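Asks: The structure's right below; bear with me while I get my questions together.
The values are calculated or read from the model by the stated rules, or taken from the named source; none is laboratory data. In this text the structure is predicted, and so the values were computed from the model without any measurement. Every residue, glycine as well, gets a Cβ built from its backbone with ideal geometry; the counts of neighbours run over all protein chains shown.
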Amino acid sequence: MVINLNDSYLLPNNLSISTVKAIAFKHTLLVAAKNGEDILENEVNRINNLSVARKENNTISIKEIFIDNWDDYKIICNHQNIFLRSSITTEVEKMIDCKNLKKGYLFFECPNCDNFHIQGLSCHSRFCPSCGKKYRDARAIEVSRKCLKVPHRHITWTISDKLRPYFRKYHELYDELFGAVNDALTYLIQGKSKAAKERGECLGFISTIHTFGRDMGFNPHIHTLVAECTIDKNGNQKPYSYFNYESLRKSFMKQLIYRMQSVIFSKGDKIEIDEFIRLKIKLYKSYGKGFYVHAPQVNLKGKAIKQMIEYVTRYAGHPAISESRITEYNKETKTVSYYYDPHEDDAIIDENDKIGRQYITESVYKFITKLIIHIPESKVHTTRYYGFYANHSSIDISNKVKLFSPVEIYKMKSDNKWRNKILLTYKYDPILCHCGTQMTLNKELSYLPTKNMEGG
């Protein structure tokens, strides 16, 4: 990474934009080069992450797809009498306006030269690929802060595909899905044991709902991180590692169907109620062992728990597909191409039996539909705490040894701040001037229409 200061056309070879466009940044790069390799590297990484560089390198953003097509999509929905939930329009339009300078910005200026940096404000939408990641990581930090220093179990709770249409229609059923998981794990510990109930013995667990699989299809399921210990109301703690699959499966299915029935009976008409009763009978016959529950004993400890926390909370704030899987966006044909790796392949040993990576090309409007159906209602908490991990639990775990120390949690929170997150993700400091001086915030020149908004 060397620049010949006598020849401005000899630019760093790790710039991801063409020489023609790179020449526009030659002065900045020359100044940066004079101030050291670290400053030059910071400036190169900043340029490589500009929109001009991303477009030149065919980086496709979900935001761009929605900016181009959202208004037309709403018109189509209106003509076809397709109702868009207010939470959908709110989250999408917040994402479209993310970092729009008309909505507000922070003004940073260099005290050493005349350089400045304007940073648009975050939209705070869970649907936004950028802001959603910050939200997701914040949830992961909160989960990490709660976890005790004991082995944990990852449990996945699935439902019959026959029940999925009801979740599309009645979003309050998500509460019942969480509740059914809580019921199943509570019954596992207390069950018919009068003594366990009197002791108030319970597990501590954290559940997150995912509504899609790798193909973006609608598939509501719950991921739960369970501490392998019980604590009673007196603070007595003891290990617990035996999770009875049969009990979990049957109990979960029974409680979910019962809870769903209560909702449908109160909200549905006679036809829908009768249909659900018939479906209930069929499900009990078809799922004699209960709905599928995956709870392998892996003994998650230390770093492995942190990785699992990140996995469980990954889609707490994130579109149903990562932008890296989008291979093409054709504005002329109004199509989007992407790929996914079938989840089923993970469990297949014989390579000849694997389906392999699937490539999809479809209408941009179908693509948008697949994404927005997974946007939760604004007040729905996608991550919830139960047992002794519950926020209002009567069991005090403040004196219990935590998995992560206060210092580690503080570092996680620090890393999740706007400036540090850009530095960690994109390898450049957004407020480090090319002259080597740290820029400072000028509040008078900043535009802050909303107090709770921030840079990023």
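Asks: Looking at LYS99, is it of a type in the set (D, E, K, R), touching a strand residue (DSSP E or B) at 6+ places or on another chain (Cβ under 6 Å), modelled with pLDDT under 95 and closer than 30 Å to ASN35 by Cβ?
Replies: Working: of a type in the set (D, E, K, R): yes; touching a strand residue (DSSP E or B) at 6+ places or on another chain (Cβ under 6 Å): yes; modelled with pLDDT under 95: yes; closer than 30 Å to ASN35 by Cβ: yes.
The answer is yes for LYS99.
For every residue, the table says whether it meets (1) buried (at least 18 other Cβ atoms within 10 Å of the Cβ); (2) free of Cβ contacts under 8 Å to residues at least 40 places away in the same chain; (3) on the phi < 0 side of the Ramachandran plot; (4) touching a Ser or Thr at 6+ places or on another chain (Cβ under 9 Å).
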| position | (1), (2), (3), (4) |
| --- | --- |
| PHE178 | yes, no, yes, yes |
| ALA184 | yes, no, yes, yes |
| LYS192 | no, yes, yes, no |
| LYS197 | no, yes, yes, no |
| GLU201 | yes, yes, yes, yes |
| GLY204 | yes, no, yes, yes |
| SER207 | yes, no, yes, yes |
| HIS223 | yes, no, yes, yes |
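Every residue, every condition in (1) under 14 Å from CYS128 (Cβ atoms); (2) of a type in the set (Ser, Thr, Tyr); (3) buried (at least 17 other Cβ atoms within 10 Å of the Cβ), yes or no:
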| site | (1), (2), (3) |
| --- | --- |
| ASP72 | no, no, no |
| ILE75 | no, no, no |
| THR90 | yes, yes, no |
| CYS98 | yes, no, yes |
| LEU101 | no, no, no |
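Asks: Which of the residues that make up segment 362-407 are part of a loop (DSSP other than H, G, I, E, B), within 16 Å of SER207 (Cβ to Cβ), under 16 Å from the mean Cα position of the chain (by Cα) and not β-branched (Val, Ile, Thr)?
Replies: Once the filter is applied, which keeps residues that are part of a loop (DSSP other than H, G, I, E, B), within 16 Å of SER207 (Cβ to Cβ), under 16 Å from the mean Cα position of the chain (by Cα) and not β-branched (Val, Ile, Thr), segment 362-407 yields PRO376, HIS381.
Asks: Need the failing condition index for LEU101 against (1) touching a helix residue (DSSP H, G or I) at 6+ places or on another chain (Cβ under 7 Å); (2) closer than 30 Å to LEU29 by Cβ; (3) of a type in the set (A, V, I, L, M), just the number.
Replies: (1)
Asks: A further question on this structure: If you check PHE243 against the conditions, is it in a helix (DSSP H, G or I), of a type in the set (Phe, Trp, Tyr) and surrounded by 17 or more Cβ atoms within 10 Å (Cβ to Cβ)?
Replies: Values: in a helix (DSSP H, G or I): no; of a type in the set (Phe, Trp, Tyr): yes; surrounded by 17 or more Cβ atoms within 10 Å (Cβ to Cβ): yes.
The answer is no for PHE243.
Asks: State the number of residues belonging to segment 116-142 that are closer than 19 Å to TYR447 by Cβ and of a type in the set (S, T, N, Q).
Replies: Of segment 116-142, the ones closer than 19 Å to TYR447 by Cβ are 116-124, 131.
Remaining after also requiring of a type in the set (S, T, N, Q): 119, 122.
Residues in segment 116-142 being closer than 19 Å to TYR447 by Cβ and of a type in the set (S, T, N, Q): 2 in total.
Asks: Conditions: (1) surrounded by fewer than 18 Cβ atoms within 10 Å (Cβ to Cβ); (2) over 30 Å from LYS400 (Cβ atoms). ARG145 meets all but one. Number of the miss?
Replies: ARG145 satisfies all of (1) surrounded by fewer than 18 Cβ atoms within 10 Å (Cβ to Cβ); (2) over 30 Å from LYS400 (Cβ atoms) except (2).
Asks: Test of understanding: among ILE321, ILE309, which residue is surrounded by 19 or more Cβ atoms within 10 Å (Cβ to Cβ), at pLDDT below 95, more than 30 Å from GLU228 (Cα to Cα) and not aromatic (Phe, Trp, Tyr)?
Replies: Details: ILE309 fails: more than 30 Å from GLU228 (Cα to Cα).
After applying the criteria, what remains is ILE321.
Asks: Let me ask another. Could you list all residues from segment 112-124 that are out of contact with any Cys (no Cβ under 9 Å at 6 or more places or on another chain) and either of a type in the set (Gly, Ala, Ser) or surrounded by fewer than 16 Cβ atoms within 10 Å (Cβ to Cβ) (or both)? If you could, list the steps in order and put the result at the bottom.
Replies: Taking segment 112-124 first, the residues out of contact with any Cys (no Cβ under 9 Å at 6 or more places or on another chain) are 114, 118-119.
Hits for segment 112-124 are ASP114, ILE118.
Asks: Check segment 7-15 and report whether any residue there is more than 27 Å from LEU424 (Cβ to Cβ) and in a helix (DSSP H, G or I). Even if it seems obvious, please write down each step before you answer.
Replies: Of the residues in segment 7-15, the ones more than 27 Å from LEU424 (Cβ to Cβ) are 7-10.
The next check asks that each one be in a helix (DSSP H, G or I); those that pass are none.
Checked against the condition, which is being more than 27 Å from LEU424 (Cβ to Cβ) and in a helix (DSSP H, G or I), segment 7-15 yields no hits at all.
Asks: Condition first: in a helix (DSSP H, G or I), more than 14 Å from ILE422 (Cα to Cα) and among the hydrophobic types (A, V, I, L, M, F, W, C). Now tell me which residues in segment 121-138 satisfy that.
Replies: Selection gives ALA138 alone.
Asks: Here's another thing I want to ask about it. State all residues of segment 405-446 that are of a type in the set (A, V, I, L, M, F, W, C) and in contact with a Lys or Arg (Cβ under 7 Å, 6 or more places away or on another chain); if no residue qualifies, say none. Walk me through it before giving the result.
Replies: Step one: list which residues in segment 405-446 are of a type in the set (A, V, I, L, M, F, W, C), which gives 407, 409, 412, 418, 422-424, 431-433, 435, 439, 441, 445.
Selection gives ILE409, ILE431.
Asks: Just checking, how many residues over segment 263-295 are of a type outside the set (Lys, Arg), over 19 Å from TYR187 (Cα atoms) and touching a residue at least 40 places away in the same chain (Cβ under 8 Å)?
Replies: Number satisfying all stated conditions: 7.
Asks: Mind counting the residues in segment 16-48 that are surrounded by 13 or more Cβ atoms within 10 Å (Cβ to Cβ), modelled with pLDDT under 90 and not in a helix (DSSP H, G or I)?
Replies: Going through segment 16-48 one residue at a time, the tally reaches 2.
Asks: Right, something else. Got a sec? Which of PHE127, PHE83, PHE108 is surrounded by fewer than 17 Cβ atoms within 10 Å (Cβ to Cβ) and among the aromatic types (Phe, Trp, Tyr)? Working first, answer last.
Replies: On the way: PHE127 fails: surrounded by fewer than 17 Cβ atoms within 10 Å (Cβ to Cβ); PHE108 fails: surrounded by fewer than 17 Cβ atoms within 10 Å (Cβ to Cβ).
Residue meeting the stated conditions: PHE83.
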